[in-house]
Every structure is written in structure tokens, then in C-alpha cells.
Amino acid sequence: MLTSAHIKSEAARVGFDLCGIAPAAAFPELSRLEEWLARGYAGEMRYLSRSAETRADIRHFLPGARSVVVTGTLYYTDAGEPGLTPAPRPSDAVRVARYARGEDYHRVLAERLETLLAWMRTESARRSRPPPSLTSTTSRSGSTRRAPVWAGWGRTPA
């Protein structure tokens with residue numbers, strides 16, 4: 001039987017820093033997403049409007065889903081030695097966000113998710129598939145309840 005403990009252990013093995021299981025449900029925090037989008041706060045991120053309904057409730061993408069597996073990865077990619085203080089920067093130095101310093105995080109996370117999903121498929125008879133691109137809006141809002149990364153049909157993992 002595929003248990004929460006097994007899933008969390010495998011998620012850590014493939015490189016995720018955090019993993020949790022939560023019920024598949026709507027995110028009340030996203031009830032104002034349509035208003036936020038209408039005000040133009042998404043800027044050039046037009047994909048947010050196209051997937052707003054799915055972002056607010058994973059069951060719109062996977063009807064019948066009962067639970068979701070959520071993973072988290074720390075973006076700290078400072079290449080410096082532990083305990084060393086970085087050299088001072090000139091005032092005109094370019095600053096690059098930590099998440100952008102390493103490999104493309106879209107690719108890194110996709111590879112980890114596919115590895116975890118492949119393992120889950122071999123361990124379980126449940127039907128599963130990766131969700132649509134669920135980025136910052138859902139991840140941030142769902143972090144208190146563990147945002148959706150994998151959803152499956154059947155029994156909720158123990």
C-alpha cells in the first residue's frame with residue numbers, strides 16, 4: 001500500500017525539501033482571484049487568466065480527486081562556501097534573484113515531479129497524472145494547506 005510516509009520519503013530522495021498530503025479542495029484564499037486579475041495585477045502573465053478556475057480548485061482539472069501531494073523546494077542556491085561572507089558588491093552591480101541563479105527551476109521541478117510520479121505509478125494501482133502549470137498564485141495560497149502537485153483517484157494515502 002502506498003502511504004503518506006512512503007510518498008514523503010521518496011519525495012525527499014528525489015530532491016524535494018518539503019512534502020505533504022492534503023485533501024483535494026477549493027482554495028478559499030483564491031476567491032478574489034478574478035477580481036485581482038480584472039485589476040490587471042497579473043501584468044503580462046496572461047496564463048493566469050486562462051487557468052484561474054483550475055487554480056482555484058484542483059477538482060476542476062481532476063474531477064473526483066480526493067487528495068493531493070504537494071512538494072516544496074528551497075530556492076537558496078548561493079554557490080558560496082558555508083560560513084564565508086560574500087565579497088562586497090560595487091553599487092552598480094546587478095542583483096539576480098536566488099531562484100534564477102541555478103538551473104531553470106521549471107525544468108528542475110518538472111524532472112523531480114516526473115520522477116516522483118513514475119515511482120508512485122509503480123507503487124500504486126491508482127490512476128494519476130501531473131496537473132497543469134500551477135505556479136505562484138496557487139502555491140503561495142495553498143502553502144498553508146499544501147498546494148496541489150499530484151492528485152490521484154481512489155483511496156486517500158494513509
Could you put D57, D104, D92 in order, starting from the residue whose Cβ has the fewest other Cβ atoms within 10 Å? D92, D104, D57
Computed lengthening from A97 to R66, 0.36 nm per intervening residue step minus Cα-Cα distance: 7.6 nm
Inter-label distance, nm, simple model (7 Å from Cα along the C-beta direction), R39/V14: 3.7 nm
For the pair Y47/Y105, report the inter-label distance in nm, with labels modelled 7 Å from Cα in the Cβ direction. 1.4 nm
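Coordinate-derived values only; no laboratory data. Just so it is clear, the structure is predicted and the values come from calculations on it, not from any experiment. So basically every Cβ, Gly included, is an ideal-geometry build from the backbone, and we count neighbours across all protein chains shown.
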